[in-house]
Structures are given as structure tokens and as C-alpha cells.
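This report refers to the structure that appears directly beneath it.
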Amino acid sequence: MPIRADNRKYYDARWRKFRLAMLEAAGNVCELCGKPHRLLNVAHLSNDPADRRYVAVLCPRCHSKQNSAQRIAMVRRTQAQTRGQMWLTEELRLAPFPVRTWPMASRQMDLF
Ligand SMILES: [Zn+2]
């Protein structure tokens, strides 16, 4: 899956060094299915490219399964935008993106 233009800044030389260290620590096998693969990914389990705490070494198949909900949310969001559909709430519009990128007013949850 190609990296979105606004997320490319997270995949610099430091990321590549971090990625290689993660692959070596995982023994160059997928941490989910345990199989070796020549194209192992370091996957962001939180779907936030800035996050380096919740990451795992996954083969492309496991990576695809892991972030399918995120992909579906992004596709639905993009389709709604191109069709000019309105969003019911700001939270639904922002849902596929990491919370740290939301406007501060939308981060406040009105629970009570
Ligand atoms: Zn796997």
C-alpha cells in the first residue's frame, strides 16, 4: 500500500533504522503467523504513523488483515467526499485519522 503524501515525513532515515532493528528483534519472521517473508512490514497497530510504541513486524498478508477496518473507513470517507455527501458528525469524518490530528474541540468527549 503506498504511503500517503502527508505521512511520508514519518518514513525518514530514522524510521528505516528503527525498522531494521525491529525486523532483527523479531528474527525476520512475522510476529502474527510466525512465517518468514522477504517483504516484512513494521505495522503501526494504532494506524498512527507517528506512533512507535504500538508496532509489530507483520508479513503483507497479516498486515492487510490487521488494518482492513482502517482501509475500509478511509475508502468510505474518500467516496463520501468525492460524492459530496454530508457527514452526520465531526467524529465520523475524523474517525480514520489518529486522535492527535483532530481539532482540540473534537477531542473533548462529552460523556456526562
Ligand atoms: Zn504473517
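Can you find a residue that is assigned to a loop (DSSP other than H, G, I, E, B), in contact with a strand residue (DSSP E or B) (Cβ under 7 Å, 6 or more places away or on another chain) and in contact (Cβ under 8 Å) with a residue 12 or more places away in the chain anywhere in segment 34-42? Yes: one or more hits. Looking only at segment 43-86, filter to residues that are of a type in the set (A, V, I, L, M, F, W, C) and assigned to a helix (DSSP H, G or I); which one of those is farthest from the ligand (Cβ to nearest atom)? Checked segment 43-86; the qualifying residue farthest from the ligand (Cβ to nearest atom) is ALA80. Only one entry of ARG53, ARG61, ARG19, ARG93 meets the criterion of being exposed (fewer than 11 other Cβ atoms within 10 Å of the Cβ) and among the charged types (D, E, K, R), and that entry is ARG53.
Pairs are defined by a Cβ separation below 6 Å, a sequence spacing of at least 6 or placement on different chains, a first member in segment 1-26 that is farther than 19 Å from LEU39 by Cα, and a second member that is surrounded by 12 or more Cβ atoms within 10 Å (Cβ to Cβ) and at pLDDT below 95; the pairs so defined are ASN7/PRO49; TYR10/PRO49; TYR10/ALA50.
Can you confirm whether ARG83 is under 13 Å from the mean Cα position of the chain (by Cα) and modelled with pLDDT of 85 or more? For ARG83, the condition - under 13 Å from the mean Cα position of the chain (by Cα) and modelled with pLDDT of 85 or more - is not met.
A count restricted to segment 26-37 and to residues that are exposed (fewer than 12 other Cβ atoms within 10 Å of the Cβ) and either within 11 Å of the ligand (Cβ to nearest atom) or within 21 Å of the chain's Cα centre (by Cα) (or both) stands at 3.
If a residue has to be of a type outside the set (D, E, K, R) and assigned to a helix (DSSP H, G or I) to count, how many in segment 87-100 make the cut?
3
The values are calculated or read from the model by the stated rules, or taken from the named source; none is laboratory data. Values in this document were obtained by computation on a predicted structure and should not be read as measured data. In this analysis, Cβ positions are derived from the backbone assuming ideal geometry, glycine residues included, and neighbour counts consider all displayed protein chains.
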